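Some notes on the structure that comes next.
The values are calculated or read from the model by the stated rules, or taken from the named source; none is laboratory data. Please read these numbers as outputs of a predicted model, since none were measured by experiment. As a convention, Cβ positions derive from the backbone with ideal geometry for all residues, glycine included, and neighbour counts pool all protein chains shown.
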């Protein structure tokens, strides 16, 4: 049975994007528990934690490339 994270939303930022260091730190703090829970769930399902983390980085980069209009690697 999948682990329930209890997370229903990502918190909204309280810092402006032009306050880069605080904004970036807040973003990391907001996403950290989500990523940890996702990696825990992947590992519990039998995936190697390092492979799952690497795949998340790849998918995030692919998403940004596609969103910026650059050619993304096909799935």
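Do you know which of the residues in the range 49-72 that are exposed (fewer than 11 other Cβ atoms within 10 Å of the Cβ) and assigned to a loop (DSSP other than H, G, I, E, B) is modelled with the lowest pLDDT?
Among those residues, the one meeting the criterion is 71.
Taking only pairs six or more apart or across chains, which ones have beta-carbon atoms under 7 Å, a first residue in the range 7-31 that is farther than 20 Å from residue 57 by Cβ, and a second residue that is assigned to a loop (DSSP other than H, G, I, E, B)?
Taking only residues 6 or more apart or on different chains, the pairs are 22/15; 23/13; 23/15; 23/16; 23/17; 26/13; 26/14; 26/15.
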